[in-house]
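Asker: Before I ask anything, let me first share the structure, which is written out below as structure tokens.
Since every read-out is calculated from the coordinates, none of them should be taken as a lab result. Owing to the predicted nature of the structure, the values given are computational and were not obtained by experimental measurement. Here the Cβ is made from the backbone with ideal geometry for all residues, glycine too, and neighbour counts use every protein chain on show.
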Amino acid sequence: MKELLDHLCQLARLELSPGEREEFARKFSDLVGFVDAIKELRDESREIPLQVPKERMDTAPDEPREEPCKGELPRSYRAGHIGDLEEGEV
Amino acid sequence: MKELLTLTAHELMAKFAAGEVAPEEFYALQMRFARHIEPKVRSFLTLAEDGVSPPDVAARDGALWGVPVSIKDLLTTTDFPTTAGSRILEGYAPPYDATAVKLLRDAGNYFTGKTNLDEFGMGSSTENSAYFPTHNPWDLARVPGGSSGGSAASVAALQSVVSLGTDTGGSVRQPAGFCGVVGFLPTYGYVSRNGLIAFASSLDHVGMLARDVTDIALMMNTVGRPDKLDATSQAPADADYLAEMNDRESVAGCTVGVINQMMDPKLVSQDVLVACEVAIRVLENAGCGVKRVDLAGVERLLPCYYILCPAEASSNLARYDGIRYGAGFPADISRTLQQHYRAVRSPGFGEEVRRRILLGTYVLSAGYAEAYYNQARRVRHAITEGIAEMFEGVDFLLLPTSPTTAFGLGERIDDPVKMYAADICTVTANLASTPAISLPGGLSPDGMPIGIQFIAPQKHDGRLLALARLYEEHAGTGYSVPPLVAEELAGFEE
């Protein structure tokens, strides 16, 4: 289970601290057991339905918002980072 | 004047119309009491400041003009931060209002603030908020339910008249049941999801909480509108939910199906079973037919839900990479991009969110997707068909909102499987995309509210409200002020 968790963390771009790994693995194992019930009910006779019904597949044309977005993040929120980049530190 | 705080929205609007109280006067009173009781209940992540402008008089004909509304902090707002109950979005200032919020704003509503929730809506107790848990106004040692626990508590504790919540697997109805208020889940697509921070997009609904069914109809008249900014919007443009609620002919002699599997004493507590049996008698006395029906595959509901939901969540929450949203600035440029993602996401998400992202990643990963995800999609389809078949024999379904009354704070937080079991009665409506409503069904012997749930076929929202109103009139178990709140109100100096 710990190896599986490491692999999943890598895929999901997450990390578990050493202190929480064991407890997390135990609870995760319980959860996998919980959803495993679905495998016992295997039913391949049904087609997998479309997420979006066929009649709704045609999307509406893109239209601009009537009102412009407001509330841009304050400049100070990112100024330091932009400055670092401009100084060629990357 | 403080007695006005216990009124419903429509009663309050009658007072506004008669000139007995001005909306701005009531709002000021509302906010003073909300602040007074907040340290006990902790419904809000952000409470509105003083000095809010009065609503636009031009919108005076709006369905809920001047009524204070609280908003679950999973819906974007331009005048309050939107955190989704997560550290990763702490201080996030969205550049636009969610469509439902905008419709309320345009209709002349006051906002009391942003309510607490389980992080990204993932939980059934509001204990998974990254900030603090909310307490049940009926018993501060118990949970208010979740994930819209802050919204339900704010309505029950007289901190707002109505509230906007969201419901992915019962997140409006279950807390409504635990707090003794009304919680409504509209048909999927009847309220726009534009501006709802996505958790599991095929199951997410915007819903609402109020003290009676009439207020729900008024809320639907405001927010239940088509929206070109939501590709799944399918709300009728000219629906009048208040008129549909008052159309008694539409429910005269209707048949209500009681799902046998949801009345199993092994699943549901004795107190809740008794309340359901009383609700059945109420319906019979109101002239409805009652029929016992079977729902096949009840054992598949929760595994199906807890595969689809984390699968969609793992995809939706991939956007929180510390670059486009939330924490992550200024970046430590000594790190690689992958290290940056992990450094932001790992402390930014709480334990339950990380667990669901990892479970979703697992059920979608190569070699497992067929066994889990595709199988769950087939099961969902079968459940939807099964529910549609049931509605060929009955008009509505009745079941408990939750198998138990509100449980204690901390009682289930360390056992996710036990926590998930609380959703057994509510996930059906989300999986089948049908409307559902939870109504107060009386109190248990230890004084805790019990929720009674009705489900209707897709797009029968107005008719469901008509049945709910019929039940409400005959049951006599509507909203009452929790004793602790009544005590606080008595000692509150205006």
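Asker: How large are Rg and Dmax for the stretch B:1-131 when calculated on the C-alpha trace, in angstrom?
Answerer: Considering the stretch B:1-131 through its Cα atoms, Rg and Dmax are 15.3, 47 Å.
Asker: Projected onto the charge dipole of the protein assembly as shown (+1 at Lys/Arg Cβ, -1 at Asp/Glu Cβ, origin at the Cα centre), which of B:T46, B:P440, B:T255 gives the Cα projection farthest towards the positive end?
Answerer: B:T255
Asker: With θ set to phi - 60°, apply the Karplus curve 6.51 cos²θ - 1.76 cosθ + 1.60 along the stretch B:220-226 and write out the HN-Hα couplings as whole Hz, x wherever there is a Gly or Pro.
Answerer: Using θ = phi - 60°, the values come out as 5, 5, 8, 9, x, 10, x Hz.
Asker: I've got another one for you. Give me the dipole magnitude in Debye, nearest 20, for the stretch B:298-366 about the Cα centre, with unit charges on the beta carbon: positive for Lys and Arg, negative for Asp and Glu.
Answerer: Values: 9 positive and 6 negative charges, 26 e Å.
Around 120 debye, computed over the stretch B:298-366.
Asker: Is there a simple number for the mean count of other chain Cβ atoms within 10 Å of the Cβ of residues in B:358-365, and what is it?
Answerer: Counting Cβ atoms of other protein chains within 10 Å of each residue's Cβ and averaging gives 6.
Asker: Between B:R319 and B:A14, what is 0.36 nm times their sequence separation minus the Cα-Cα distance? Round to one decimal in nm.
Answerer: Extra length available between B:R319 and B:A14 comes to 105.2 nm.
Asker: Just flag the trypsin sites (Lys or Arg not before Pro) in the stretch B:313-404 sitting in loop per DSSP whose Cβ has no more than 10 other Cβ atoms within 10 Å.
Answerer: B:R324
Asker: What's the tally of Lys pairs in chain B whose alpha-carbon atoms lie under 22 angstrom apart, where the two lysines are 8 or more places apart or on different chains?
Answerer: 11
Asker: Would you work out the charge dipole size for chain B about its Cα centre, treating the Cβ of every Lys and Arg as +1 and the Cβ of every Asp and Glu as -1, and quote it to the nearest 20 debye? Provide the component values of the computation, followed by the final result.
Answerer: Values: 40 positive and 58 negative charges, 275 e Å.
Charge dipole of chain B: 1320 debye, to the nearest 20.
Asker: Can you give the percent of C-alpha pairs in the protein assembly as shown whose distance is more than 40 Å? Spell out each step's value before the answer.
Answerer: Numbers: 37856 of 170236 pairs.
Across the protein assembly as shown, Cα pairs with separations above 40 Å total 22 percent.
Asker: Now for a different question. Using the Cα atoms of chain B, I'd like the radius of gyration and the largest Cα-Cα distance, Dmax, both in angstrom.
Answerer: Expressed in Å, the Cα Rg and Dmax of chain B come to 21.3, 72.
Asker: Once a ≥ b ≥ c are taken as the square roots of the eigenvalues of the Cα gyration tensor of the stretch B:298-366, is the result rounded (a/c under 1.5), prolate (a/b larger than b/c) or oblate (a/b not larger than b/c)? List each step's numbers first, then the result.
Answerer: Details: a/c = 3.24, a/b = 2.70, b/c = 1.20.
It comes out prolate by the Cα gyration axes.
Asker: Also: Given contacts defined as C-alpha pairs under 8 Å and at least six residues apart, what's the relative contact order of the stretch B:298-366, whole-number percent? Provide the component values of the computation, followed by the final result.
Answerer: Details: 48 pairs, mean separation 33.3, N = 69.
RCO, the stretch B:298-366: 48 percent.
Asker: Distance in nm between label sites at A:R26 and A:E40, each 7 Å beyond Cα in the beta-carbon direction?
Answerer: Between A:R26 and A:E40, the label points sit 2.4 nm apart.
Asker: As a check on your grasp of the helix formula, calculate [θ] at 222 nm for chain B: sum -39500 (n - 2.57) over DSSP H runs of n ≥ 4, divide by the residue count, round to the nearest 500.
Answerer: Here the helix-only value at 222 nm equals -11000 deg cm²/dmol.
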